[in-house]
Structure formats: C-alpha cells, structure tokens
1. Counting only residues that are surrounded by fewer than 23 Cβ atoms within 10 Å (Cβ to Cβ) and either within 16 Å of the ligand (Cβ to nearest atom) or charged (D, E, K, R) (or both), how many does the range 299-316 have?
2. Conditions: (1) in contact (Cβ under 8 Å) with a residue 24 or more places away in the chain; (2) away from the ligand (no atom under 16 Å from the Cβ); (3) of a type in the set (Asp, Glu). Glu296 meets all but one. Number of the miss?
3. Looking at Val71, Val51, Val56, which is the one that is farther than 22 Å from Gly335 by Cα, more than 8 Å from the ligand (Cβ to nearest atom), touching a strand residue (DSSP E or B) at 6+ places or on another chain (Cβ under 7 Å) and β-branched (Val, Ile, Thr)?
4. Residues that are out of contact with any helix residue (DSSP H, G or I) (no Cβ under 7 Å at 6 or more places or on another chain): find the strands (runs of 3 or more DSSP E) completely inside the range 208-315 holding 3 or more of those.
5. What number of residues within the range 177-218 satisfy the criterion of being out of contact with any Cys (no Cβ under 9 Å at 6 or more places or on another chain), of a type in the set (A, V, I, L, M, F, W, C) and closer than 19 Å to Cys325 by Cα?
6. Which of the numbered conditions does Ala295 fail, given that it passes all the others? Conditions: (1) modelled with pLDDT of 95 or more; (2) more than 30 Å from Lys116 (Cα to Cα); (3) small (Gly, Ala, Ser).
7. Scan the range 3-22 for residues that are within 8 Å of the ligand (Cβ to nearest atom) and in a loop (DSSP other than H, G, I, E, B) and report the count.
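The values are calculated or read from the model by the stated rules, or taken from the named source; none is laboratory data. Predicted, not measured: the structure shown is a model, and the values here were computed from it. Glycine also receives a Cβ, built like all others from the backbone with ideal geometry; neighbour counts cover every protein chain displayed.
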Amino acid sequence: MDSVLIIGAGGAGSVVAKKCAMNPDVFKKIHLASRTLSKCEAIARECKSTVTTSQVDADDTQQVIKLIEKVKPDLLINMALPYQDLTIMDACLATGVHYMDTANYEPKDEAKFSYKWQWPYHDKFKEKGIMGVLGCGFDPGMSNIYCAYAQNQLFDEIHTIDIVDCNAGDHGHAFATNFNPEINIREVTQRGKYWKDGQWIEIDPLSIACMVDYPEVGPKKSYLIYHEEEESLVKNIRGLKQIRFWMTFSDNYIKHLDVLQNVGMTRIDPVIYNGVEIIPLQFLKALLPEPSSLAENYTGKTSIGCIFEGTKGGKPVKKFIYNVCDHAKTNTELGAQAVSYTTGVPAVTGAMMMFKGIWKGAGVFNVEQLPPEPFMEEVAKQGLPWHVKDLDAKTEAELKGAKELKAA
Ligand code: NDP
C-alpha cells in the first residue's frame, strides 16, 4: 500500500494532508479532494511533498467512485462530514478500497450519533476483503485506543471510564466552534446519556457538571454529554460497569448557545424564509468562523484523556492516560489549531498502521478492536505524546462533585 485519497479540505482534513506529506516514505501518492477545489489547492501548496487535488461532491456515490477510479488509492480517509460517511463507504465497497473516518454517520435531519448505520457494513466489507476503520480521530479515536491500551497493559479489569475533554484555548472570537459548527452544535444540544450497570441513562442537555482537574490546565467545569465512542467501548471493554464523557464549555460559550437555541437558530428542520427553505443551523454555520481559520493567534492548550478505575493483581487501581496539545505549537508546525491537529494526527497514524500491515482485517472495526501498542508508539512520534498518571484509587481527586445542575 502506498497511495492515499483524502476527502475533505477543512481544519482536520488539512492536517491529514500535511502530515501525510511529511511522511513520504509511507504515503508515496497523496490526493486531496473536497467540495471546494481552491481549498484543496491552497493546502497542497503548503505540503512538504506533492499532493494532487480534485473537486468532488461526496454526497454523490457515483462521483466518489469516478474519483477513486481516477486516483486508484489503497485507502480513502474521509475527512468530510458525518453526512457523507455512507455514500463514501458505498463507493469504497464498489471499488474495493479500504476506508477510514473520524466521526460516525449522521442523517441530516436527525442528530443521533450512533454506529447503527455503519456497523451493518461489516459483512459487506468482509466479503469484499476490505477494511473499514471507524472513528480514528482524537475522541473518538485516541480515547478508544487509550482504553484498549489500558485493558491490555495496565488493568486486569476496567470497571469505570471517564473520558475528559478540555479545550482551555482562547481564539479571540466572541463565539466559534473548534470543529464543524453544525456537527458541534448538534452534539452539544442533544440529550445527554451515560452507561451504568448495563443500561443507558438519559439526562437533559448539559444538566450534570463537575470539576475535572486537567493536566497542565487545572480544574475546569465539565459537562456530562453523550459521545459516540461510548457505544462501541461498552461492547469492547470487558467487565465495564460505567462509562461517562465530560467536556468543558466556557460560560461564554453556554451563554451564546442558550440564546441561539432560544431564538431557534440551532434547529435542524427546514423553515421557509422569503419563499426559500432554509435550515437555521446551516445558515448559522455560514455566519460562524470556519474551524480552519481559528489557528492564527490561538493561545492555550487542549488536555484530553481517560480516567480508569479497575483492578490489577487483585488490587484496586486508578490511572489517567492523557495528551496535552498547545494551539500555538500546532499552528507553528502545520498552520492548524489543536482541535484540528488532535483529530488529524491519529487518522494519519491509523493509516500508517494499515499501510505497514499492522492493522489489518476484513470488515468494519472500531479502533479499540485493533492493536493499540504500535499505534501508541507511532502517534507519540507524530506529535501526540501521551502520559500515564497513577491516581489514588480511594479518592475522587480528579473528578470533584458531579451533580445535577438543576437540583443544585
Ligand atoms: P470543516 O467544516 O472544517 O471541514 C469539512 C470539510 O468537508 C470542508 O472542507 C467541506 O467542504 C468538506 N465537505 C463538506 N461536505 C462535502 C461534500 N458533500 N463533498 C465533499 N466535501 C465536503 O470540519 P472539520 O475539519 O473540523 O471536521 C471534519 C470531520 O472531522 C467532521 O466529520 C468532524 O465531525 C470530524 N471531527 C472528529 C473529531 C474527533 O476527535 N474524532 C474532532 C473534530 C472533528 P467546504 O470547504 O466546501 O465546505
């Protein structure tokens, strides 16, 4: 394998293209395609080795098939939006090309964050003898791989997982989202959910919060939201009793989101304006800064990881695996902010694992089903070093005072 096709020239897609181009020994041919050709061309000009480009509408399977036939890649990395996952997977099936993405399929008219559409492709991919790797960004992605590594190397049994995600950066805008605004706002405004003792417990959006002590950042208020990797991790981590996902949002972000929601700007159903059908959230996206435009002058760090409790050798053990990433440093290296960087680098590392034959198999896989150790070694070299911290199993030192905000 030596040829990669990347679809999507946004914040995260640009990181994938640039990082592939920094590893020309592995990625000998790189092609970048997206809806807007000029964005692909601008990224290609900044790449350290040759990147060819095309225009494609990935909502149309036939266009993707034609592109694959022209480029003849071994692997297609889907860095467009979750809406395109199935059309692109269908094109990979038709042409016998391996597939990878960083976010699960979303129907446009329903915010679901579920693998129920992509998992059924397993048998079709298996019959065709191709591999589909789902959710290979940071979270999902690195977070799942930290869990697989903890299961293999650090624990006999993992009982609880808290995935904790903090962006303590400042981009200087009154309101902006760090990845695609439509997907970000759909994710945050949906009902929350976590898994405990074999069942999903639903909560009102942003109704539970706690203080999490993030490495190199310090204590930050974090909200319990539902995140897609929980669905696969409950299947793939043995003996798990609870999994939750926490994310920081500043008071300023929540204030803007509240207003936007109250006036109907986050709706995803069509409304008629001047005789034309528009989706309010899509219109809002057109007004907000693009994630790729935030990198310049972005200060601060992301600090993301997984806190595990379980047992090893019959004794209770608590550990924290995490990465800290600095917006200014990722901007200097690749002209990208840290959220795009932490999404793109795991995708490139996963692609390297496939190109080197370390991750292999026919069918559709979540990343925790694939060997974590070689990935962990490589991802540190590619720019996302990770650390394991021992925590006191008897205290709740890193997660303080989880409580119902409404009851407080
Ligand atoms: P952006 O909005 O910056 O980029 C999306 C890109 O996809 C744009 O270049 C856009 O084109 C292109 N695109 C959209 N629709 C089509 C289409 N029909 N055909 C071809 N190209 C299309 O988003 P991000 O880079 O921030 O996010 C990219 C993906 O990464 C998303 O799926 C997001 O959910 C995922 N993500 C995953 C994370 C993780 O940790 N797992 C974290 C952050 C993001 P145009 O420029 O013309 O609009």
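1. The total comes to 4.
2. Condition not satisfied by Glu296: (2).
3. Going through Val71, Val51, Val56 in turn, the sole match is Val71.
4. 208-214, 218-224, 242-248, 276-278, 301-312
5. Looking only at that region, the number is 1.
6. All conditions pass for Ala295, except number (1).
7. Qualifying residue count for the region: 3.
Condition check ((1) closer than 28 Å to Thr330 by Cβ; (2) among the β-branched types (Val, Ile, Thr); (3) away from the ligand (no atom under 16 Å from the Cβ)) across all residues:
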residue	(1), (2), (3)
Lys221	yes, no, yes
Lys235	no, no, yes
Arg244	yes, no, yes
Met247	yes, no, no
Gln261	no, no, yes
Val271	no, yes, yes
Gly275	no, no, yes
Ile279	no, yes, no
Leu288	yes, no, no
